[in-house]
Structure formats: C-alpha cells, structure tokens
Amino acid sequence: MKYLSLLILTFVGTLLSQFSMAQETTTQLLVLIDSDQGGTYTLAKEIAQGIERWPGAKATIKKVKESQHPALASIPLVQVEELSNYDGIAFGSPVYFGNISTGMSAFFTQTIDLWTQRALEEMPATVFMSGGSGAANELALQSFWNTLSVHGMVLIPNGIQGFETIDRTKTQGNSVLGITSPTSIDKGNRPTKEERLLAQNQGEKLARIAQKLKGIRSVEPLTQTQESAIDFDQLLKDKKIELPQLPKPVGNYELYVRSGNLVFINQVALKDGKIFNPGKLGMDVTEEQVKEATKVTMLNVLAILKEAVGGDLNKVQRCVQLIGAFNTVDTYTQHAALMNPASDLVVEVLDEKGKHTRNIGGASSLPLGSSVSIQAVFEVE
C-alpha cells in the first residue's frame with residue numbers, strides 16, 4: 001500500500017510538472033480588435049484559427065471598447081497594462097477614411113506608459129482591417145504600421161503568401177501589409193473564402209515567428225524619470241497654492257464624471273460653503289472681485305480633479321478645455337480678462353499639460369448668484 005501511494009504521488013507530480021512546462025512553453029498571442037458592424041471580428045476569428053494551427057500557440061480575442069453589436073457582447077475588454085504579457089499581438093480595426101478607427105486610436109492614446117517603458121519593443125505584431133468599399137485600405141494599413149513602429153514592435157507583413165489561391169475575378173482584400181475585406185462589395189459573402197484563408201495564414205505566420213522570438217527580446221524597461229513622478233503636494237506648497245476641501249453636491253449629480261480617459265468637471269465660486277463675491281459685474285461686483293472668484297472656482301476644479309485621479313496628479317495627461325461663463329451686464333465685452341486667472345492657475349500647476357483651449361461668454365444669471373461658472377475637461381490615464 002505504501003509503495004502504491006508513492007507511485008500515485010510520483011505519477012501526479014509528473015503530470016503537474018508536465019502541465020506547468022506546457023503552460024510556460026505555450027506561445028500566447030492576443031488578437032485585439034475594434035469592430036463596429038462585426039466585420040473585423042469575423043476576420044479576427046480567422047486570424048485566431050490560424051494562430052492555433054501552429055503547434056503550441058494559443059489565441060485570445062479581446063476588444064478595445066464596449067460595443068452594442070450582439071456578436072461582440074461576450075468578448076472581454078482588454079486592459080492596457082496586459083499587452084506586455086503576450087508573445088505577440090494581431091491588431092484589427094475598421095478602416096476610417098484611410099486611417100484606423102477612432103476607438104483603436106483612443107486606445108493607443110492610453111499606451112503612453114507602455115511606450116515610455118519600452119514594454120512592447122521587439123514584440124512581433126501584425127495588422128488586419130475591414131473596410132467598406134476597399135478604398136484607402138492600403139493607406140489605413142500603413143497608418144496602423146506607423147503607430148506600431150513608434151512602439152518599436154516587429155512588424156509581420158503578409159507578403160504574397162497565399163496569393164496563388166486567389167480568385168482574381170473578384171475584388172479581394174489581399175494586401176501585402178495585412179488582410180483586409182471590403183465588406184460593402186458583395187454583402188453577405190464577406191470575408192470571402194480566400195480572405196479567410198489569407199487571414200488564417202497571417203495568424204499562423206505571426207504564431208510561428210512569435211514562437212521563434214519568444215524569450216530572446218533584449219529590451220530592458222526604462223526607469224521612470226523624475227519629471228514623470230512630480231511631488232504635486234510639495235509643488236503646491238512651494239507655490240503657496242492651497243486646494244480647498246471638496247465641495248458637496250447640492251443636487252442629484254456628481255462632482256465629476258469620467259468617460260474613458262476624459263474627466264468632466266463643472267464648478268461655481270464656492271468657498272467655505274458660500275458663494276465667493278456673488279453678483280453681477282457692472283452692478284454688484286468689480287472686475288477684480290470677479291477675477292478673485294474665478295481663481296476660487298478653478299481651485300475647486302483642481303481639488304475635484306485630484307480626487308478624480310486618486311490623489312495623483314501625475315495621472316493627468318493634459319487640460320483639454322476650459323469654458324467660462326460670467327454674470328455680467330449686456331454691454332460688457334472683456335470676458336477674456338476675467339478668465340485669465342483660471343487659465344494661468346491650471347498652467348502654473350500642470351505646466352505644459354495645463355495648456356488648453358477655452359471658450360468664454362456672458363450670462364444674465366448664474367446658479368446661486370455666482371459671478372462665474374467654469375466647465376473643465378481633462379485627459380487622464
């Protein structure tokens with residue numbers, strides 16, 4: 001009995017060891033897509049099938065943004081930081097006027113940390129796209145390659161593999177840069193069987209090369225620079241800028257709303273629970289009083305922004321826009337001067353990231369009698 005138990009334990013241990021080794025040697029490939037009408041997703045499934053034709057390769061399909069399309073509902077959403085965990089990536093996108101889609105473009109704006117850390121450098125990548133008429137597909141593929149080149153990825157083209165099997169009596173998406181499919185041509189029959197085969201070949205080629213390159217990437221991530229890790233608490237202290245406590249909502253609304261990588265904030269000149277320098281310019285308050293109220297309002301905005309990024313203002317990529325409304329008499333025209341304290345303050349705190357577009361106007365009245373109201377939009381990590 002003792003020997004039988006020992007034999008069983010040895011057998012189980014061997015199985016677990018083999019399973020662990022298999023996990024380590026599996027080449028993990030990500031098929032990352034943006035898809036509106038499902039065309040790119042259809043190609044993605046063919047790419048994934050081709051990947052898994054290669055022994056030891058596994059494909060995972062994920063999307064860059066949420067979609068209302070029923071076929072895409074069950075596809076998991078990718079997290080930016082997970083990209084570096086794969087051995088290679090196939091990127092798929094619809095063609096938008098000779099470029100990648102807005103969804104894919106917005107996703108790449110979130111990869112700045114991966115770029116800084118060189119996390120994707122020397123990783124093999126390939127691209128595929130779904131375009132309506134087929135116009136500008138080659139241009140769109142090239143733009144996709146440009147983006148990946150900035151990350152230092154190893155770009156895997158199709159070349160002319162599989163072209164000998166193509167039915168040349170049809171319009172086919174057989175680009176040397178990557179498979180495409182003109183979905184508005186011969187609707188209902190796209191991708192064609194030839195496009196599907198080319199997509200599978202493209203996926204298998206990526207898997208084959210990724211497996212060969214696995215474990216030999218020589219890139220060492222760069223350490224964060226001092227500039228990218230500013231102590232904003234000390235900076236505010238040095239500049240004698242004191243952010244107020246967060247104001248409390250007085251209605252059924254939030255202090256800020258985050259949508260994707262944008263944060264939206266609206267504030268009036270609230271200080272210590274009361275409106276600071278209330279009234280109408282030209283009747284109740286002077287220009288200097290309104291400028292003081294503008295600064296108070298912008299301090300509220302910055303306090304809320306700090307809350308929105310978990311207390312770390314390093315996560316703010318830039319101030320996108322400020323919109324100011326001022327309670328003035330109808331004949332007043334110097335609104336820009338009233339807004340300058342807000343613009344100056346955000347640049348003083350965020351430096352180059354604080355430079356923004358802005359819009360300014362007058363109002364016959366503002367909430368709670370405030371002399372100023374500011375809407376702000378920030379881009380964050």
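Only aspartates and glutamates eight or more places from LYS248 in sequence, or on another chain, were considered; those with a Cα closer than 19 Å are ASP272, GLU307.
For the chain, the relative contact order is 14 percent, taking Cα pairs closer than 8 Å that sit 6 or more residues apart in sequence and dividing their mean separation by the residue count. When PHE144, PHE108, PHE264, PHE276 are compared by accessible area of protein heavy atoms, the largest-first order is PHE264, PHE276, PHE108, PHE144, using a 1.4 Å probe.
Counted over the chain, the DSSP beta bridges are approximately 45% antiparallel. Apply the a/c threshold of 1.5 to the C-alpha gyration tensor of region 255-364 and tell me whether it is rounded, prolate or oblate. Taking the square roots of the gyration eigenvalues as a ≥ b ≥ c, region 255-364 is prolate. Between 0 and 90 degrees, the angle of helix 2-25 with respect to the longest Cα principal axis of the chain falls at about 60 degrees.
Counting only protein heavy atoms and a 1.4 Å probe, region 85-130 has 35 square angstrom of accessible area per residue.
So, by mean Cβ neighbours within 10 angstrom, what's the order for 367-377, 55-65, 195-205, 239-249 with the highest one leading?
195-205, 367-377, 55-65, 239-249
Coordinate range of the alpha-carbon atoms in region 192-326 per principal axis, descending: 75, 42, 26 Å. Stretched out straight at 0.36 nm per residue, the stretch from GLN28 to LEU262 would grow longer than its current Cα-Cα span by 81.1 nm.
Per residue of the chain, the DSSP helices (runs of n ≥ 4 H) give a summed -39500 (n - 2.57) that works out to -11000 deg cm²/dmol at 222 nm. In this simple spin-label approximation, ILE166 and ASP312 carry label points 7 Å from Cα along the Cα→Cβ vector, and these lie 4.7 nm apart. Springs join every pair of Cα atoms under 10 Å in this Gaussian network model of the chain, and among GLN49, GLN79, GLN68 the largest mean-square fluctuation is at GLN68. Among LEU206, LEU155, LEU120, determine the one that fluctuates most according to a GNM of the chain built with springs between C-alpha atoms less than 10 Å apart. So, out of LEU206, LEU155, LEU120, the one fluctuating most is LEU155.
Between SER365 and THR60, the C-beta separation translates, for a Förster distance of 45 Å, into a calculated FRET efficiency of about 0.20. Once the other residues with Cβ under 14 Å from the Cβ of ASP36 are scored (Lys, Arg +1; Asp, Glu -1), what is the net sum? Once all neighbours under 14 Å are counted, the net charge is 0. Taking region 337-356 and a reference point 7 angstrom along Cα→Cβ of THR286, no backbone N atom is nearer than 15 Å. Close amide-amide hydrogen proximity is noted between VAL95 and SER130, GLY131, GLY132, each under 5 Å apart and 5 or more residues distant or on a separate chain (H modeled in the peptide plane; Pro and chain starts excluded). Legend: calculated FRET efficiency, ARG118 to GLU348, from the Cβ-Cβ distance at R0 = 30 Å, rounded to 0.05, equals 0.40. Pairs over the 26 Å Cα-Cα cut-off, from the set LYS240/LYS274; LYS58/LYS212; LYS62/LYS170; LYS240/LYS355; LYS65/LYS170; LYS205/LYS315: LYS62/LYS170; LYS65/LYS170; LYS205/LYS315. To two decimal places, what compactness ratio does the chain give when its Cα radius of gyration is scaled by 2.2 N^0.38 Å? That ratio works out to 1.32. Near VAL372, the amide H atoms lying under 5 Å from its own belong to ALA269, ASN327; only residues 5 or more places off or on other chains count, and H is placed 1.01 Å from N.
The values are calculated or read from the model by the stated rules, or taken from the named source; none is laboratory data. Model, not experiment: these values are computed from the prediction. In this analysis, Cβ positions are derived from the backbone assuming ideal geometry, glycine residues included, and neighbour counts consider all displayed protein chains. Each accessible area value is taken on the protein alone, full model and side chains, heavy atoms only, with ligands, DNA and RNA left out. Shrake-Rupley method; radii C 1.70, N 1.55, O 1.52, S 1.80 Å.
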